[in-house]
1. Each label point is 7 Å from the Cα along the Cα-to-Cβ direction; what then is the distance between the points at SER30 and ARG125, in nm?
2. Where the eigenvalues come from the Cα gyration tensor of the stretch 29-112, what are the semi-axes √(5λ) of the equivalent ellipsoid, largest first, in whole Å?
3. By count of other Cβ within 10 Å, fewest leading, how are PHE42, PHE82 ordered?
4. Hey, with R₀ at 30 Å, roughly what FRET efficiency would GLU108 and GLU80 work out to, going by the Cβ-Cβ distance, to 0.05?
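Just so it is clear, none of the values below were taken in a lab; they were calculated from the coordinates. What you are looking at is a predicted structure, and each value in this text was computed from that prediction instead of being measured. Methodologically, a virtual Cβ is constructed for each residue, glycine included, from the backbone with ideal geometry; neighbour enumeration extends over all protein chains shown.
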Amino acid sequence: MQGKRFIGFVAGVAIFAATPAMAGQDLIKSVAEGCKQEIKTFCKDVTPGEGRMLACFYAHNDKLSNKCEYALYDASAQLERFVAALTYIANECRSDLKQFCSGVRKGEGRLLKCLIDNEKQLSDRCSTAMKDVNAKMK
C-alpha cells in the first residue's frame with residue numbers, strides 16, 4: 001500500500017477521534033521513532049501539532065522510508081482499532097452515557113472516564129461492552 005493512503009487515514013482518524021492522552025502519546029512516539037530520519041531531513045523546521053507533521057510527511061510521501069511508512073501504517077491500524085472500540089462502547093452504552101455522563105464535556109477521554117467511574121452502576125449491556133473492549137485493548 002502507498003504511504004499517501006496511510007498518511008491520509010492517520011490524519012483523518014487523528015482529527016476525528018479524541019484519543020485519551022496516553023494512547024495518543026504512544027502512537028506519536030512510535031511514529032517519531034519510525035520516521036526519525038524523515039523528521040530530521042524533511043520536517044526539522046515543522047512545529048509539531050495540528051497535523052503539521054503529517055502534512056510534512058504527505059508532502060514528502062515519495063521519499064519516505066519503508067520503516068516510516070510502516071510506522072504510519074501501524075499507527076493508522078491502532079487508531080482504527082481504537083475508534084472501532086469507542087464506537088462499540090458508545091453504541092452499547094448510549095443510555096448509560098445519558099444517565100450518568102450527560103453533564104460531562106466530550107473529548108480527551110472524559111466520557112470513557114465517566115463510564116469507568118460509574119462502572120458498578122452500568123447496565124449489563126454497557127458492562128459487557130466495556131469488558132469486551134478492555135480485553136481486546138490489552
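1. It is 3.2 nm.
2. 35, 15, 9
3. PHE42, PHE82
4. 0.90
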